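My questions will all concern the structure given below.
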Amino acid sequence: QVQLVESGGGLVQPGGSLRLSCVASGTIRSIYAMGWYRQAPGKQRELVATITTGGIINAADSVKGRFTISRDNAKKTVYLQMNSLKPEDTAVYCCYLKQFGLGYWGQGTQVTVSS
């Protein structure tokens, strides 16, 4: 079993910043990628950004230049630094891990951008 625990969500004003963290534990053998997806009310879940063990990043166009994904392999942790937040970034942000072709999800952390 793999467990993912997110932290760092909250309420922030437009233009503000938040940093999300996700720690993986459990049966961790060979992580291929970790990252973040988000789901806003009434919308489908969408990719925010992922990063492979080798450092290859895949990010949504809507967050490029504002969000930065990074990872500490030794700590089995992935981070998402979110700057210049917009109301449309409001969503539940879920951590994702891929290992041996299987995907695992965290419970999610709420990010609300509002004045």
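The values are calculated or read from the model by the stated rules, or taken from the named source; none is laboratory data. The structure displayed is predicted, hence computed values, not measured ones. Cβ coordinates were reconstructed from backbone atoms using ideal geometry, including for glycine residues, and neighbour counts include every protein chain displayed. The protein model used for the area step is the full one, side chains on, heavy atoms only, and it has no ligands, DNA or RNA in it. Shrake-Rupley method; radii C 1.70, N 1.55, O 1.52, S 1.80 Å.
Ignoring ligands, DNA and RNA, please state the percent of accessible area on the chain from carbon and sulfur, probe 1.4 Å.
The computed percentage sits at 48.
Nearest 20 debye, what's the magnitude of the dipole of segment 7-96 about its Cα centre given +1 on Lys and Arg Cβ and -1 on Asp and Glu Cβ?
The dipole of segment 7-96 has a size of about 180 debye.
Could I have the simple spin-label model distance between T53 and F100, label points 7 Å from Cα toward Cβ, reported in nm to one decimal?
1.3 nm
Any chance you could count the Lys pairs in segment 9-103 whose alpha carbons are under 24 Å apart, treating pairs 8 or more apart or on different chains as valid?
Within segment 9-103, the lysine pair count is 8.
Which cross-chain or sequence-distant (5 or more) residues have an amide H under 5 Å from the amide H of I28, H modelled 1.01 Å from N in plane?
none
Residue by residue, what Karplus-based ³J(HN,Hα) values in Hz, rounded to whole numbers, does segment 6-13 have, using 6.51, -1.76 and 1.60 with θ = phi - 60° and x for Gly and Pro?
In residue order, the calculated couplings are 9, 8, x, x, x, 9, 9, 7 Hz.
For the charge dipole of the chain, defined by +1 on Lys and Arg C-beta atoms and -1 on Asp and Glu C-beta atoms about the Cα centroid, which residue among Q110, C95, T27 has the Cα displaced farthest towards the positive pole?
T27
Sticking with this one: From the convex hull of the Cα coordinates of the chain, what is the mean projected area in square nanometres?
6.7 nm²
Provide, as a two-decimal number, the C-alpha radius of gyration of segment 5-65 over 2.2 N^0.38 Å, N being how many residues it has.
Cα Rg divided by the expected 2.2 N^0.38 Å: 1.29.
Using a Debye calculation, one point per C-alpha and no hydration shell, please list log10 I(q)/I(0) for segment 66-115 at q = 0.13, 0.19, 0.23, 0.24 Å⁻¹ in order.
-0.40, -0.77, -0.99, -1.04
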